[in-house]
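A.B. asks: Before I ask anything, here is the structure I am working with.
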Amino acid sequence: MVMQNTDLHSTYLLEEIRKEKLELSLMEVCGTHTMAIARSGLKELMPKGIRLISGPGCPVCVTAQADIDAVVALAREPLVILATFGDMMRVPGSESSLAQERSRGADIRVVYSPLDAVALARSNPGREVVFLGIGFETTAPAVAASIEMAATEDIKNYSVWSLNKLVPPALNVLFSDPELRVDGLICPGHVSTVIGISPYVELAARYKRPCVVTGFEPSDIIEGIYMILTQIKQGRSEAEIQYRRVVKPQGNVVAQKMIDRFFEPVTARWRGLGSIPASGLAIRKEYEAWDARVKFALPEFPERPTRGCSCGEILKGKITPLECPLFGRYCTPSTPIGPCMVSQEGACAAYYRYGRRVN
């Protein structure tokens, strides 16, 4: 695959990158980056020694199996309307999925915004509408806004099952893993519009690895990679912003305040990474009337990994989808076994769609 639509500056930077003799592994931790890199063929254009690997950048993919099983159980609750983003519908749990539950009669609705779920609750006063909160810091403010709207209007039949996660704690786990080599980080553009650059400043200082916040066009990613290589050659380990037209060093302070007002950090389970302290977002006690976990008090579900599925190792960047024995044979977009093949931001879906032979 040959990359198209690059300007002269990007072509020059790519030529400079291709001259490098360094042996490096650079990780992107954003599903949109994963798809952009695969679609543009950037892996194939890198010199032999520079390896681009995918990390836990897909919020659907990192949702633990036990949490999916809990959501499936929630969908079976009487009088519940479960509102969710479309990517979650086909993610397999241990025994079922939301799509299967809907085919069996569960009332599960695909929405495009948490505020759509509030509207559902408003128009269905005799039902309990639960919004499934999946996403990183980018989507958390909108989920918080839905709780604010429900609280303002006193809509008591609306609640959120929060599975929202925070990216920086997971990056700490990746960088501290002695079995994983990550020489530089292509930081997520969307998340960084909210959190700014300070978390990456701490990461770069602690682990002595460059972190560059990068946009999503091929030209953005090329420049971001070039900035990482420049730091490494100069012996620097700093946090920098390539995506300056969107990301500000301080992030979005209003969005940060919304998250802090309605959520508090808690330990959360991540597929492949295990339980990570202060990496999840739980609804604060003063808003527990809109916390579905309080309303329904489901039992704790055990973690039951799918046999043969390598999503966990792929999310840690330890293997590529091509190294999973199920990839392309038993696990395909039409018959997904793991979430990395289901989500539009998953590494397996990217490999399958844009280039199975690219490592």
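The values are calculated or read from the model by the stated rules, or taken from the named source; none is laboratory data. This one's a predicted model, so the numbers in the text were calculated from it and none came from an experiment. So basically every Cβ, Gly included, is an ideal-geometry build from the backbone, and we count neighbours across all protein chains shown. Surface areas here come from the heavy atoms of the whole protein model, side chains and all, with no ligands, DNA or RNA. Shrake-Rupley method; radii C 1.70, N 1.55, O 1.52, S 1.80 Å.
A.B. asks: With the condition being within 25 Å of GLU148 (Cβ to Cβ), at pLDDT 95 or above and open to solvent by 20 Å² or more (accessible area, probe 1.4 Å), I'd like the helices (runs of 4 or more DSSP H) fully within region 187-262 carrying at least 2 qualifying residues.
C.D. replies: 189-195, 253-262
A.B. asks: Among the residues of region 42-55, is there at least one that is in contact with a Phe, Trp or Tyr (Cβ under 8 Å, 6 or more places away or on another chain) and open to solvent by 10 Å² or more (accessible area, probe 1.4 Å)?
C.D. replies: no
A.B. asks: In region 69-88, what residues are open to solvent by 10 Å² or more (accessible area, probe 1.4 Å), within 19 Å of GLY346 (Cα to Cα) and free of Cβ contacts under 8 Å to residues at least 60 places away in the same chain?
C.D. replies: PHE85, GLY86, listed by residue number.
A.B. asks: Something else about it: Looking at region 318-359, which of its residues are open to solvent by 30 Å² or more (accessible area, probe 1.4 Å), within 15 Å of PRO56 (Cα to Cα) and in contact with a strand residue (DSSP E or B) (Cβ under 9 Å, 6 or more places away or on another chain)?
C.D. replies: Correct list: LYS318 only.
A.B. asks: Do you know which of the residues in region 317-359 that are more than 19 Å from the chain's Cα centre (by Cα) and among the polar types (S, T, N, Q) is modelled with the lowest pLDDT?
C.D. replies: Restricting to residues being more than 19 Å from the chain's Cα centre (by Cα) and among the polar types (S, T, N, Q), the top hit is ASN359.
The rows are residues; the columns are (1) under 19 Å from the mean Cα position of the chain (by Cα); (2) without any contact (Cβ under 8 Å) to a residue 40 or more places away in the chain; (3) open to solvent by less than 10 Å² (accessible area, probe 1.4 Å).
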position: VAL129; (1), (2), (3): no, no, yes
position: GLU153; (1), (2), (3): no, yes, no
position: TYR158; (1), (2), (3): no, no, yes
position: ASN164; (1), (2), (3): yes, no, yes
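A.B. asks: Taking the conditions exactly as written (in contact (Cβ under 8 Å) with a residue 40 or more places away in the chain, over 25 Å from ASP67 (Cβ atoms) and either open to solvent by less than 10 Å² (accessible area, probe 1.4 Å) or of a type in the set (Asp, Glu) (or both)), does LEU174 satisfy them or not?
C.D. replies: No.
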